[in-house]
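A quick write-up on the structure given underneath.
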């Protein structure tokens, strides 16, 4: 679609979609009616959609990126680049949007789990933790990120760094969220 590119570039630059008036300017269309018809076509094609108030928001295809196959992490092998699908990171990582949020990591008690200072964590509230889950927890009025461990009726929090000790709650332990994913940028 020839009019998608300027709308997509506007979205990337401004982190919002253009208004109907801005769509006219971006595309060179002459009437708001033409802009409304364009938005309807882009909604039908899943590049845009409208929220419950009628506001234009990104659709699945505007946010998706191509999935080109797999790459061998063991011995090198021949690979062909083949478009196998498209997906958004939201589709891949987020199960319940209303219960999901991001946290930035401070400290190095989870480095052996591959969680480094500065990483972003995608966490989900309202999940019952299982033994071995990485959790965001309030223990005795202090917040921490650790492995949730349960042996019989005994619950404790375990670091992923030998320099840190196990944490056994003295008074209270509240699990706020379970970690879904760690996100790290290698290049800016």
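How many residues are part of a strand (DSSP E or B) and touching a helix residue (DSSP H, G or I) at 6+ places or on another chain (Cβ under 9 Å) when one looks only at segment 95-115?
To start, the set of residues in segment 95-115 that are part of a strand (DSSP E or B) comprises 100-104.
Filter once more, so that each one left must be touching a helix residue (DSSP H, G or I) at 6+ places or on another chain (Cβ under 9 Å): 100.
Number satisfying all stated conditions: 1.
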Would you confirm whether or not segment 126-134 contains a residue that is over 16 Å from residue 158 (Cα atoms), within 20 Å of the chain's Cα centre (by Cα) and in contact (Cβ under 8 Å) with a residue 12 or more places away in the chain? yes
Being more than 21 Å from residue 51 (Cβ to Cβ) and over 24 Å from the mean Cα position of the chain (by Cα) is the filter here; which residues of segment 6-25 pass it? 6, 24, 25
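Applying the selection to segment 27-56, what residues are in a helix (DSSP H, G or I) and buried (at least 17 other Cβ atoms within 10 Å of the Cβ)? Steps first, please.
Filtering segment 27-56 for residues in a helix (DSSP H, G or I) gives 27, 32-44.
Result: 27, 35, 38, 39, 42.
Have a look at 132, 118 and point out the one that is touching a strand residue (DSSP E or B) at 6+ places or on another chain (Cβ under 8 Å), part of a loop (DSSP other than H, G, I, E, B) and at pLDDT 95 or above.
Working: 118 fails: at pLDDT 95 or above.
132 is the lone residue from the list that is touching a strand residue (DSSP E or B) at 6+ places or on another chain (Cβ under 8 Å), part of a loop (DSSP other than H, G, I, E, B) and at pLDDT 95 or above.
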Enumeration of residues in segment 8-19 that are touching a strand residue (DSSP E or B) at 6+ places or on another chain (Cβ under 8 Å) and in a helix (DSSP H, G or I): 11
Of all residues in segment 2-28, how many are modelled with pLDDT under 90 and at positive phi? 1
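The values are calculated or read from the model by the stated rules, or taken from the named source; none is laboratory data. Quick caveat: nothing in here was measured; it's all calculated off a predicted structure. All Cβ positions, even for glycine, are placed from backbone atoms using ideal geometry, and neighbour counts span all protein chains on display.
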